[in-house]
Amino acid sequence: MTVSRREARAGWLFLLPWVVGFLAFTAGPMLFSLWLSLTHYDMLKPPTFVGLENYREAMTDQRVGTALWNTVFYTALHVPAQIVLALALASLLRRAGRGGGFFRTVLYLPVMTPPVALAAMFLLLLNGQHGAINGFLGWFGFQGPNWTTDPAWIKPGLVVMSLWTVGSTAVLYLAALTRVPVERYEAARLDGASPWRQFWHVTLPGISGTVYFTAVVNTIASLQVFTEAYAMFFGARAKASAEGDAALFYVIHLFQEAFGSLRMGYASALAWGLFAVIAVITAVQVRLSRRYVHYEGDRS
C-alpha cells in the first residue's frame with residue numbers, strides 16, 4: 001500500500017464517526033421525513049401514501065400564510081437590527097483599551113441565558129402597564145405600546161427581545177475589525193476622507209465577509225424562531241386569537257400540527273417547505289455576495 005493510500009485510509013477512518021453520525025442523525029431523518037411528507041401519519045397507524053396532497057393543502061392553508069408572513073416580517077426586522085447594533089457595539093469595544101476583555105465578557109454573558117428564562121424575563125420587561133422598557137420610555141415623554149397584547153407590536157417586541165443575544169455577533173465583528181489594516185485608515189485620512197467615508201470605503205469592505213456570514217446565519221436562525229415566542233404566547237395557556245396569530249411563526253405552526261394534531265405527514269411537508277424557502281433565500285444571499293463581499297487577496 002502506497003503512502004498516499006495509507007493517508008487516505010487514515011483520513012477516512014478519522015472521518016468515519018462523523019459520517020456515521022451524519023447518516024444516522026441528519027441524512028437518514030431527512031429522507032424519512034421526505035417520505036412522511038407524502039403520507040398521512042399520526043404515529044398510531046402505519047403511514048398511508050397520499051402523494052402531494054399534503055403540499056397542496058399547505059398551499060391553501062391560511063395559517064401557513066399567516067405563519068410565513070410573521071416569520072418573514074420578523075426576519076426582515078431582526079437581521080438588520082442585529083447587524084447594525086452588533087457593529088456599533090463592536091466599534092465601541094474596539095476603543096475600550098485595557099478594559100476590553102471585561103467588556104467583551106459582559107457583552108457576551110447574555111448569550112448564555114436559557115431561551116425559556118429569557119422569554120419569562122421579557123414578559124415582565126415588555127409588560128405594557130408596568131414593564132421596565134415602557135418605564136424607561138416614559139422618562140423621555142414617550143407612551144410605550146402594549147408589546148405583548150397589541151398584535152401590531154408583538155413582533156417588534158420579539159425583535160427587541162432577540163437583541164439581548166447580540167453579543168455573539170458583536171464579538172465576531174470585533175475580531176473582524178481588528179483584522180482591517182491600520183494603513184488603510186491612514187491612507188484614507190491622508191486623502192481627506194471623513195470618518196463616515198472611512199467606515200463606508202475602508203471598514204465595511206474590510207469586514208464584509210464577516211457581515212455576510214452573520215447575515216446568512218441570522219437569517220436562517222430567524223426563519224426557524226420558535227422557543228422564545230412559544231414560551232411567551234403558546235406555553236401554559238392559549239392566548240387570544242389576535243395575539244396568537246400575531247406571534248404564530250412557521251415553526252410554531254409546524255410544531256402544533258406535528259405534536260398537537262399528530263399530523264406528522266403534513267408537518268413533514270411544512271418542514272420541507274421551510275427548507276425550500278431557506279434554500280432560496282440563502283442562494284440569493286450567496287449570489288449577492290459575489291458582488292458585495294470582498295476578501296483579502298481579491299483583485300477586484
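The values are calculated or read from the model by the stated rules, or taken from the named source; none is laboratory data. Only a predicted model underlies this, so the values are computations on that prediction, with no experimental measurement involved. All Cβ positions, glycine included, derive from the backbone under ideal geometry; neighbour counts span all protein chains shown. Just the protein is used for accessible areas: all its heavy atoms, side chains included, with ligands, DNA and RNA removed. Shrake-Rupley method; radii C 1.70, N 1.55, O 1.52, S 1.80 Å.
On inspection, residue 93 fails the criterion of being out of contact with any strand residue (DSSP E or B) (no Cβ under 6 Å at 6 or more places or on another chain), open to solvent by 50 Å² or more (accessible area, probe 1.4 Å) and closer than 22 Å to residue 207 by Cα. Checking each residue in the stretch 107-132 for being open to solvent by less than 70 Å² (accessible area, probe 1.4 Å) and closer than 19 Å to residue 167 by Cβ picks out 107, 110, 111, 113, 115, 117, 118, 119, 121, 122, 125.
Going by the conditions given, is residue 248 modelled with pLDDT of 95 or more, open to solvent by less than 60 Å² (accessible area, probe 1.4 Å) and either over 21 Å from the mean Cα position of the chain (by Cα) or not polar (S, T, N, Q) (or both)?
no
Taking the stretch 90-112 as the range and being outside any helix (DSSP H, G or I) and in contact with a helix residue (DSSP H, G or I) (Cβ under 7 Å, 6 or more places away or on another chain) as the test, only 96 passes.
Evaluate the stretch 176-184: report whether one residue or more is open to solvent by 50 Å² or more (accessible area, probe 1.4 Å), among the basic types (Lys, Arg) and in a loop (DSSP other than H, G, I, E, B). Looking through the stretch 176-184, at least one residue is open to solvent by 50 Å² or more (accessible area, probe 1.4 Å), among the basic types (Lys, Arg) and in a loop (DSSP other than H, G, I, E, B).
Any residue at all in the stretch 59-67 that's outside any helix (DSSP H, G or I), under 24 Å from residue 252 (Cα atoms) and among the acidic types (Asp, Glu)? Yes, the conditions are met somewhere in the stretch 59-67. Pairs are defined by a Cβ separation below 7 Å, a sequence spacing of at least 6 or placement on different chains, a first member in the stretch 85-108 that is closer than 20 Å to residue 196 by Cβ, and a second member that is open to solvent by less than 80 Å² (accessible area, probe 1.4 Å) and not in a helix (DSSP H, G or I); the pairs so defined are 85/166; 86/166; 89/166. The single condition among (1) touching a helix residue (DSSP H, G or I) at 6+ places or on another chain (Cβ under 8 Å); (2) farther than 30 Å from residue 161 by Cα; (3) of a type in the set (D, E, K, R); (4) open to solvent by 60 Å² or more (accessible area, probe 1.4 Å) that residue 56 does not satisfy is (1).
Conditions (1) assigned to a loop (DSSP other than H, G, I, E, B); (2) β-branched (Val, Ile, Thr); (3) modelled with pLDDT of 90 or more, marked per residue:
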| residue | (1), (2), (3) |
| --- | --- |
| 128 | yes, no, no |
| 135 | no, no, yes |
| 146 | yes, no, yes |
| 157 | no, no, yes |
| 170 | no, no, yes |
| 173 | no, no, yes |
| 213 | no, no, yes |
